[in-house]
Every structure is written in structure tokens, then in C-alpha cells.
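Inspection log for the structure reproduced underneath, given as C-alpha cells.
Please treat every number below as a calculation from the coordinates, not as lab data. Here the structure is a predicted model, which means the values were calculated and not measured. So basically every Cβ, Gly included, is an ideal-geometry build from the backbone, and we count neighbours across all protein chains shown.
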Amino acid sequence: MRTVKITDDNIVTVLSSGSWVLLAVMSLAGWLLVSTHFAVGMLAGGVLAIANFYWLQSILRRTLLLAKGQAQRFAMSRYMLRLALIGATVWLMIVHFNINLIGLLIGLSVLVFNIFALTIYRLISKGG
């Protein structure tokens, strides 16, 4: 098994890949230890969180290519659109699809867990 050295250049790739792996492990554990309903909630929240991360990354990359005044309007409008769509999606999942709320919240936190783990890993590996 090959070990990937985490650097500032590949941190986003490691974060996104690690989030998918963590989501798979968490969903499997939720299915085995709690219930299918719980695992589906975790999976739905995790997919939404990771999709949101990719969408935010795309917005930031496009914003950096724009002129100053244009970039601010673009970033703010996309931020509001993204926030509204994520909120509406979470609402739909809870109200209309009866997604397990605790599983959904845990799934939505998959990136937070991964960022925390990567931070600790980098601190330990740099002797901090």
C-alpha cells in the first residue's frame, strides 16, 4: 500500500478523497451498528456535504479569475444561491424523504471530521 505525503499542494485532493473514504466507512458502520435508515441519512448528508465542498471550490476558482468588483458580486450571488439550495435540499430530505436526522447531521459533518483528522496528522508528522 502506497502512502501519500500530504503537502500544501495536494491537501484539497487528500481532503476530498479522504472524505469519500470516511463517508463510506461511516455509512457502513452506521448500517452494521445502527440501522439502514440511519446509514442512508449519513450517506445523504455526506454526499451533500462533499458536493457542497466541490461546488464551493468551483466558485472560488472562477471568482479568482474575475475583476475585483465583478468577483465580489459573483462570489456573493453564488454563495447565497448555494446556501439556499443546500438549505432547501436538507429541508426536503427531512420533511419529504424522512431521512434520519442524526444520521444526516453526522453525514453533513464528514468534512469537519476529515479536516480535524488531517490537522492532527499534519501536526504530528511535522513534530508539532
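Between residue 24 and residue 121, take the C-beta separation as r, use R0 = 22 Å, and let me know the FRET efficiency to the nearest 0.05. Could you put the intermediate results ahead of the total?
On the way: r = 19 Å, r/R0 = 0.86.
The formula returns an efficiency of 0.70 here.
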In a GNM of the chain with a 10 Å cut-off on Cα contacts, which of 58, 17, 35 has the highest mean-square fluctuation? 58
Can you tell which of 125, 27, 38 lies farthest toward the positive end of the dipole of the chain, using +1 and -1 charges on the Cβ of basic and acidic side chains (Lys, Arg; Asp, Glu)? 125
With bins 5 Å wide starting at 0, give me the P(r) of segment 38-128 over every alpha carbon pair, in whole percents. 3, 13, 17, 16, 14, 14, 12, 8, 3, 0
Which ³J(HN,Hα) values in Hz, rounded to whole numbers, follow from the phi angles of segment 10-16 under the Karplus curve 6.51 cos²θ - 1.76 cosθ + 1.60, where θ = phi - 60° and Gly and Pro get x? 10, 5, 5, 5, 5, 5, 5
Stretched out fully, how many nm does the piece from residue 95 to residue 57 gain, at 0.36 nm a residue minus the Cα gap? 10.8 nm
Alpha-carbon centroids, segment 93-128 and segment 15-83: separation in whole Å: 11
Can you run phi through the Karplus equation (6.51, -1.76, 1.60; θ = phi - 60°) for segment 20-26 and list ³J(HN,Hα) in whole Hz, with x for Gly and Pro? 5, 5, 4, 4, 4, 5, 5
